């Protein structure tokens, strides 16, 4: 399908691009937005590469239960008070880390997360997109096989996301990798090897907001899944070929059903 969908964690590509445009990788997050003292020294670079030591909420049983019951999102400060911290340097996927980046972007731009992304990267890369932050934003989205999906509050996506078609997001990624924002795409693809059991890519890694394959990377992309949709977008490292696919169901695979298809079309 190629209807408008919430792209969930695929948005991390564009979040990372905006952060690298506006901040230095060495910037402590505490110099960019108000955070608790224990977070203040974490650098932008470590947050973008999931190497900050921050934990995540995705595996918390009460979080999963609250989402399944379609409850109102928890206050973000509850997550920040509860999240664990380990020494930096090891990869640990953390939505909370990207939530801190989101706050810094909002503060820097003086507006909403979507406004920050749209002005900095989405419009320059030619990605038609819409906010996905309130229940009414489901009205722009294609139908899903999940009957109560429109009762899921987008506020649960603390790292921030937006709505677009998978193919338009993939075309934006291809433009990013081919120099649409100068050297930002290549900087994002500076990758660390990661362990990814079950992932179809043979040499998986993670850069800044980018899943990668190859040493050095030959393909980059990102998966996303949440209530109602699973998707994955990918591009060759030079941006010459790209593809995005979304499926209107919850399959719990972080888009691997899409990533397992090696074919990449022309980005148009």
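Suppose the filter is modelled with pLDDT of 95 or more, surrounded by 17 or more Cβ atoms within 10 Å (Cβ to Cβ) and touching a helix residue (DSSP H, G or I) at 6+ places or on another chain (Cβ under 8 Å); does residue 76 pass it? Give the derivation first.
Working: modelled with pLDDT of 95 or more: yes; surrounded by 17 or more Cβ atoms within 10 Å (Cβ to Cβ): no; touching a helix residue (DSSP H, G or I) at 6+ places or on another chain (Cβ under 8 Å): yes.
Considered against the rule, which asks whether it is modelled with pLDDT of 95 or more, surrounded by 17 or more Cβ atoms within 10 Å (Cβ to Cβ) and touching a helix residue (DSSP H, G or I) at 6+ places or on another chain (Cβ under 8 Å), residue 76 comes out as no.
Mind telling me which of the residues 163, 169 ends up being surrounded by 19 or more Cβ atoms within 10 Å (Cβ to Cβ), at pLDDT 95 or above, assigned to a strand (DSSP E or B) and in contact with a strand residue (DSSP E or B) (Cβ under 6 Å, 6 or more places away or on another chain)? Don't jump to the end; show me each part of the working.
Numbers: 169 fails: assigned to a strand (DSSP E or B).
The conditions single out 163.
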Do any residues in region 1-26 that are at positive phi and touching a residue at least 40 places away in the same chain (Cβ under 8 Å) have Cβ atoms under 7 Å from those of residues that are assigned to a loop (DSSP other than H, G, I, E, B) and buried (at least 24 other Cβ atoms within 10 Å of the Cβ), where the two are at least six apart or on different chains, and which pairs are they? 8/157; 8/161
Of the numbered conditions (1) touching a residue at least 12 places away in the same chain (Cβ under 8 Å); (2) surrounded by fewer than 16 Cβ atoms within 10 Å (Cβ to Cβ); (3) part of a loop (DSSP other than H, G, I, E, B), residue 107 fails exactly one; give the number of that condition. (3)
Quick check on residue 55: is it more than 30 Å from residue 182 (Cβ to Cβ) and in contact with a helix residue (DSSP H, G or I) (Cβ under 8 Å, 6 or more places away or on another chain)? yes
I'd like to verify a number: residues in region 185-202 that are in a helix (DSSP H, G or I) and surrounded by fewer than 20 Cβ atoms within 10 Å (Cβ to Cβ), how many? 2
Some residue of region 245-264 being under 12 Å from residue 173 (Cβ atoms), crowded, with 22+ Cβ neighbours inside 10 Å and either modelled with pLDDT of 90 or more or under 15 Å from the mean Cα position of the chain (by Cα) (or both): no
Could you list, in sequence order, all residues of region 172-184 that are part of a helix (DSSP H, G or I) and surrounded by fewer than 19 Cβ atoms within 10 Å (Cβ to Cβ)? none
Quick check on my filter: what residues within region 138-157 are surrounded by 20 or more Cβ atoms within 10 Å (Cβ to Cβ) and closer than 24 Å to residue 77 by Cβ? 152, 154, 157
Residues of region 132-141 classified as in contact with a strand residue (DSSP E or B) (Cβ under 6 Å, 6 or more places away or on another chain) and not in a helix (DSSP H, G or I), total: 2
Residue 92 fails exactly one of the following numbered conditions: (1) closer than 17 Å to residue 29 by Cβ; (2) assigned to a helix (DSSP H, G or I); (3) out of contact with any helix residue (DSSP H, G or I) (no Cβ under 8 Å at 6 or more places or on another chain); (4) in contact (Cβ under 8 Å) with a residue 40 or more places away in the chain. What is the number of that condition? (2)
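The values are calculated or read from the model by the stated rules, or taken from the named source; none is laboratory data. Values in this document were obtained by computation on a predicted structure and should not be read as measured data. All Cβ positions, glycine included, derive from the backbone under ideal geometry; neighbour counts span all protein chains shown.
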